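Here the structure comes first, spelled out in structure tokens, and everything after it is commentary.
The values are calculated or read from the model by the stated rules, or taken from the named source; none is laboratory data. These numbers were taken from a predicted model, which means no experiment stands behind them. Ideal geometry is used to build each Cβ from the backbone, glycine not excepted, and the neighbour counts take in all protein chains shown.
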Amino acid sequence: MNTYCTVFYWTPSALSGLEPVIVMCIIATIMHGFLWIQVLSFSSLRKQNLIWLYAYLFSNTLLLVRFYILYGMRRGEVCLFSTLENIICYFEASSKGYINTIQNYFLLAFSISRYLRIVFNRNTYKGKIHLIILLHFLICTIVGLKIVVQFRVGWTQIWRAPGRSCDMLFESAIIQILNLFLMYIIPVALNIIVLALAIIHVSSTQGIRSEQIIHIRQRRQRKLILQTIAFYSVWLILWSPDILTFQFTDGTSGMAIYISLLCYIEIALDPLIIAIIDLRFLQVWRKIWNTIHRQERRVGTIS
């Protein structure tokens with residue numbers, strides 16, 4: 001054995017338990033790859049008002065890349081020198097919580113932008129692209145600084161054991177509760193409030209006498225409610241368990257692997273759910289399907 005490095009590995013039972021996660025990650029990668037090909041191929045999807053949504057989807061891609069990197073290193077039993085092992089261990093322990101947190105705030109920003117568009121008919125993107133980029137930078141930086149500060153002041157430490165994932169070990173339950181508020185409760189609660197205000201506004205017919213306008217508003221309300229329920233119910237049911245429990249569970253335990261699987265199922269479903277939220281994606285899906293169908297009919301006619 002090499003005495004100058006440490007083998008980075010998972011136990012056979014952990015690797016075996018991760019097999020469904022690998023399958024789901026491959027499916028999610030195909031789905032997201034197809035979505036990004038759509039974005040690059042159709043100008044109707046390259047719009048400024050989708051920036052926050054694409055930031056959210058890109059963070060999903062980062063979660064997939066993170067899994068592949070760590071799985072590849074652990075599966076290959078890479079031997080790491082002390083400094084590199086520490087870097088990888090800190091990355092493994094903190095990166096998932098970091099990405100999940102910025103996802104939350106990207107989604108909150110997207111909801112606020114939609115609310116302003118619905119209620120005030122205000123395009124929050126026009127002429128403000130530099131401000132939006134700055135907000136992206138601030139979200140990523142502030143969330144990262146929170147993690148760094150907790151390590152530096154000793155509120156959080158790295159827990160590691162042979163054959164197990166590196167995890168974050170917290171000094172007290174107060175720190176865990178604080179993290180839970182910052183990472184989950186605050187952004188999710190604000191999301192729900194913003195969405196509720198948007199639905200209330202669309203539902204309101206005060207001061208409107210035209211039956212046609214009232215009918216349009218009611219139809220818009222039903223559409224908004226269905227979109228909201230479709231996306232956020234799937235998001236909360238499949239994604240919430242991961243961020244609620246990652247501070248309290250060992251990353252290679254049976255429960256953690258099962259919860260992680262739910263998270264990657266949500267990532268795989270996101271491109272389909274996004275098509276429900278924004279009809280432009282659905283129209284592109286239909287255009288691609290019609291093109292394929294016409295090609296099949298043409299080939300059938302020729303043969």
Discussion item. So, Leu261, is that one of a type outside the set (Ser, Thr, Tyr) and at pLDDT 85 or above or not?
Written reply: yes
Item to complete: Could you tell me whether any residue of region 137-153 is modelled with pLDDT under 90 and surrounded by 13 or more Cβ atoms within 10 Å (Cβ to Cβ)?
Response: no
Response to the item:
Cβ pairs under 9 Å, 6+ apart or interchain, first in region 281-298 and of a type in the set (Lys, Arg), second at pLDDT 80 or above, ordered by first then second residue, are Lys287/Phe42
Item to complete: Please determine, by comparing only the residues of region 240-276 that are in contact (Cβ under 8 Å) with a residue 40 or more places away in the chain and touching a Cys at 6+ places or on another chain (Cβ under 9 Å), which one is farthest from Tyr71 (Cα to Cα).
Response: Ile243
Fill in: Scope region 225-250; condition among the acidic types (Asp, Glu) and not in a loop (DSSP other than H, G, I, E, B); matching residues
Asp242
Worksheet item: Taking region 186-202, which residues are small (Gly, Ala, Ser) and surrounded by 19 or more Cβ atoms within 10 Å (Cβ to Cβ)?
Response: Ala198
Worksheet item: Any residue at all in region 66-81 that is more than 23 Å from the chain's Cα centre (by Cα), loosely packed, with under 15 Cβ neighbours inside 10 Å, more than 24 Å from Val39 (Cα to Cα) and of a type in the set (Gly, Ala, Ser)?
Response: yes
Response to the item:
When Trp10 is run through (1) within 14 Å of Ser165 (Cα to Cα); (2) exposed (fewer than 15 other Cβ atoms within 10 Å of the Cβ), the failure sits at (2)
Item to complete: For region 80-97, name all the residues that are among the small types (Gly, Ala, Ser) and in contact with a Ser or Thr (Cβ under 9 Å, 6 or more places away or on another chain).
Response: Ser82, Ala93, Ser94
